[in-house]
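Let me begin by presenting the structure, written as structure tokens, before commenting on it.
The values are calculated or read from the model by the stated rules, or taken from the named source; none is laboratory data. Being a predicted model, the structure only gives us computed values, none of them experimental. Positions of Cβ are backbone-derived with ideal geometry, glycine not excepted, and every protein chain shown enters the neighbour counts. Quick note on the areas: whole protein, heavy atoms, side chains included, nothing else; ligands and nucleic acids left out. Shrake-Rupley method; radii C 1.70, N 1.55, O 1.52, S 1.80 Å.
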Amino acid sequence: MNHDTLRLLGIAKNKLMTGPKSLYCQIDTACNLHCVFCHYHGYFPADWKIKSRTRLPLPVLIKVFDDCRRLHVEHVCISAKGEPTLHPDFKAIIDEATQRNFFVSVLTNATFPEKMIETLAKTHLVKCNLSAACAEEFRLYHHAGPLPNFETVTKNIARLSRLKTSRPKISITYVMHRFNYKSLPAIFELAQQLGIDELNIKEVQSSSFHRLSLTPAMRAKTEKILASLLKKNRLRRIKNNLLDHYLKTGKFFAPPGMQGKPAPCFMGWFQTFLMEQGDLMACCSRDNVVRIGNIYHTDLLSLWRSERYQQIRQMAAHGILQKKAGYLCSDCASHAENDPLRSFAGTLSDNASVLAKKILDFKFVPGNTATA
């Protein structure tokens, strides 16, 4: 019996039967950019600005990875509240993760030195945050100094995409806001030139960045820009989340913010989040309401199996957590991943044979959770 089946059975029985599929791990808080849309290093005031550097030491991460093997974790995402490649032991961290046969993904701003390509080539997926289509936009929206610069980033992405053997999949995340939405045609063109595998457009929606959010008129213009690109067949030249959404709904973007009441959430059976100070969280939120404990005091296995974590899972599954702290869900990056789980949970009243078939047919693929 595979472990996705056990996770689904856990949802059906409201109990824990195996470990998470994915661990999202923030290893550092250092960054060499000041992106305008960043909670931690941007220029907009926020309570969670990084004031001093914190990072997870390599020995701690090795212990975590060993626990992940015992919990049958399949996917480890290495990220940071900043740039993970700045961690002094980044190469060793990737080596330790890949040696344990995890599917390893990395979230990066792609400003790393060329020698880092060899290390990243060992991973399976590299997600690059690039929200500018030219050097001038990069300087404005990522607030970089003389180095690193736009040329460094695009060269690194191109080098990764042109590796001949064992090449990781490469994706670009373009955070769209009121100052760069007109550059959508240019970013599609650039993504194709760089030879990446997928382009993901993520709209700024957080209330913290309301000065960057698109107005209704801007959103309407964005739809027209994308409709024009679709008519010219340019959207089909590279895999992207906007075309997928359009084919399903007839719109390129979902309405801003969460619509209606928060849906029951079952992601607590499939993923967990480790923060740079050692806190294990039930989701990517920084709020203590979803804090489970700290790995400096309790090991990962015990925290995952703890009564506290199971209470959080059950509260989220019944919508109680969302009613108590709905603000946690308004900017959630896992809505799309939770949808099939919610659909599955809706079949639990079906007869046993129908339910068994749905479990056997179910495929869960970690999506575009870029928050970690």
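Summary table below
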{"read-out": "Enumerated strands (runs of 3 or more DSSP E) restricted to the range 55-137, each holding at least 1 residues that are under 16 Å from the mean Cα position of the chain (by Cα), among the hydroxyl-bearing types (Ser, Thr, Tyr) and surrounded by 23 or more Cβ atoms within 10 Å (Cβ to Cβ)", "value": "75-79, 103-108"}
{"read-out": "Residue match in the range 182-191 (condition: in contact with a helix residue (DSSP H, G or I) (Cβ under 8 Å, 6 or more places away or on another chain), open to solvent by 70 Å² or more (accessible area, probe 1.4 Å) and under 21 Å from Phe253 (Cα atoms))", "value": "yes"}
{"read-out": "Selection within the range 47-69 - out of contact with any strand residue (DSSP E or B) (no Cβ under 8 Å at 6 or more places or on another chain) and of a type in the set (S, T, N, Q)", "value": "Ser52"}
{"read-out": "Top-ranked residue of the range 192-227 - restricted to ones that are touching a residue at least 40 places away in the same chain (Cβ under 8 Å) and under 15 Å from Lys251 (Cα atoms), ranked as most open to solvent (accessible area, probe 1.4 Å)", "value": "Lys221"}
{"read-out": "Pairs with Cβ under 7 Å, 6+ apart, first in the range 253-272 and closer than 13 Å to Arg342 by Cβ, second acidic (Asp, Glu) and modelled with pLDDT of 65 or more", "value": "Met267/Glu337"}
{"read-out": "Search result, residues across the range 1-39 that are assigned to a loop (DSSP other than H, G, I, E, B) and either over 22 Å from the mean Cα position of the chain (by Cα) or of a type in the set (Val, Ile, Thr) (or both)", "value": "Met1, Asn2, Asn14, Lys15, Leu16, Met17, Thr18, Ile27, Thr29, Val36"}
{"read-out": "Scope the range 138-156; condition open to solvent by 50 Å² or more (accessible area, probe 1.4 Å) and either at positive phi or not basic (Lys, Arg) (or both); matching residues", "value": "Leu140, His143, Pro146, Leu147, Glu151"}
{"read-out": "Any pair with Cβ under 8 angstrom, 6 or more apart, that starts in the range 88-108 at a residue that is over 15 Å from Ser166 (Cα atoms) and ends at one that is surrounded by fewer than 23 Cβ atoms within 10 Å (Cβ to Cβ) and small (Gly, Ala, Ser)", "value": "Leu107/Ala370"}
{"read-out": "The one condition in (1) without any contact (Cβ under 8 Å) to a residue 24 or more places away in the chain; (2) closer than 18 Å to Tyr181 by Cα that Lys248 fails to fulfil", "value": "(2)"}
{"read-out": "Single condition Ala333 does not satisfy, out of (1) in contact with a Ser or Thr (Cβ under 7 Å, 6 or more places away or on another chain); (2) modelled with pLDDT of 65 or more; (3) in a helix (DSSP H, G or I)", "value": "(3)"}
{"read-out": "Restricting the range 162-175 to residues that are in contact (Cβ under 8 Å) with a residue 40 or more places away in the chain and open to solvent by 20 Å² or more (accessible area, probe 1.4 Å), the residue that is farthest from Asn233 (Cα to Cα)", "value": "Ser166"}
{"read-out": "Where a residue in the range 123-145 is farther than 24 Å from Lys91 by Cβ and in contact (Cβ under 8 Å) with a residue 60 or more places away in the chain and its partner, wherever it lies, is among the hydroxyl-bearing types (Ser, Thr, Tyr) and in a loop (DSSP other than H, G, I, E, B), with Cβ under 8 Å and at least six apart", "value": "Tyr141/Ser131; His142/Ser131; His143/Tyr43"}
{"read-out": "The listed residue being open to solvent by 50 Å² or more (accessible area, probe 1.4 Å), among the basic types (Lys, Arg), within 25 Å of Gly42 (Cβ to Cβ) and touching a helix residue (DSSP H, G or I) at 6+ places or on another chain (Cβ under 7 Å), out of Arg237, Arg178, Arg159", "value": "Arg178"}
{"read-out": "Identity of the residue in the range 297-330, at pLDDT below 80 and among the charged types (D, E, K, R), that ends up most open to solvent (accessible area, probe 1.4 Å)", "value": "Lys323"}
{"read-out": "Output for the range 153-187, where each listed residue is among the hydroxyl-bearing types (Ser, Thr, Tyr) and closer than 18 Å to Arg219 by Cα", "value": "Tyr174, Tyr181, Ser183"}
